[in-house]
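Since every read-out is calculated from the coordinates, none of them should be taken as a lab result. Because the structure is a prediction, the values reported are computed rather than measured. Glycine gets a Cβ as well: all are built from the backbone with ideal geometry, and neighbour counts include every protein chain shown.
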Amino acid sequence: GIAPPSVVMLAVVPLALVAGRRLSERALVTIALVACALGAVLSAVWAGATPSYVAMATGTVLIWSGIGFGVIAPTMTILDGLPPSQQGLASALNDLTRELGAALGIAITGSVFNTAYRHFLSGHDASSIVAQSPATALSDPGAQSLDGIVRDAVLHGWHSAFLAAGGVLIVCALGSALLYPRGSQDLLP
């Protein structure tokens with residue numbers, strides 16, 4: 001469910017508010033993107049190589065911590081960038097950026113996962129196992145099982161998708177460090 005990530009994110013938001021007294025919005029966004037990138041790379045390398053709940057949870061906590069840490073600064077940048085008479089437009093722009101980012105993230109990682117998964121299956125003659133009758137497949141103890149091939153294909157897809165996400169997040173962190181508006185102010189007075 002979404003409860004554990006939400007709890008992590010909500011626990012980190014107050015830290016972002018405190019850090020916002022000392023750091024610029026640029027720094028907060030860059031730190032958040034780096035945390036998300038580390039979580040994605042950790043998920044790809046650790047959870048992709050040795051799947052376990054601890055490996056997956058650790059990467060997920062880093063990703064959601066980064067989201068929680070960076071959720072306020074972009075909103076403040078958008079709200080501060082438009083005059084009070086256009087706050088409705090600022091709110092709509094804020095929602096659009098979040099929804100577009102989520103949709104693109106899901107589309108990119110889903111496509112990378114699907115491509116890697118299919119590529120793995122095509123390289124491991126899964127079709128011959130599927131074509132066998134269940135009795136034949138079960139009676140040959142030396143044959144690679146379909147569930148083993150599918151499990152390995154899922155891990156390969158997971159690894160590829162999270163490496164791609166980590167790469168995109170690293171590029172975004174560099175872009176944030178270099179291009180985020182300089183006029184950003186503290187989040188709290």
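Through the Karplus equation 6.51 cos²θ - 1.76 cosθ + 1.60, θ set to phi - 60°, convert the phi angles of the range 72-79 into ³J(HN,Hα) values in whole Hz; use x for Gly and Pro.
Each residue of the range 72-79 in turn: 8, 4, x, 4, 5, 4, 5, 5 Hz.
Using the 2.2 N^0.38 Å rule of thumb for compact globular proteins, work out how the range 10-130 stacks up: its C-alpha Rg over that value, please.
That works out to 1.40 for the range 10-130.
How do 86-95, 12-21 rank on mean C-beta neighbours within 10 Å, highest first? Display every interim value, and only then the final one.
Numbers: 86-95: 13.4, 12-21: 15.3.
Per-residue mean Cβ counts within 10 Å order the peptides as 12-21, 86-95.
Residue 17 to residue 151: FRET efficiency via 1/(1 + (r/R0)^6), r the Cβ-Cβ distance, R0 41 Å, to the nearest 0.05? Spell out each step's value before the answer.
Working: r = 43 Å, r/R0 = 1.04.
Once the sixth-power term is evaluated, E becomes 0.45.
Have a look at the range 5-79 and give its Rg and Dmax from the Cα atoms, expressed in angstrom.
My reading of the Cα-based Rg and Dmax gives 13.2, 44 Å.
For the range 153-167, what does the Karplus curve 6.51 cos²θ - 1.76 cosθ + 1.60, with θ = phi - 60°, yield as ³J(HN,Hα) per residue in whole Hz, taken in order and with x for Gly and Pro?
Karplus-based 3J(HN,Hα) across the range 153-167 equals 5, 5, 4, 5, x, 4, 4, 5, 5, 6, 5, 4, 4, x, x Hz.
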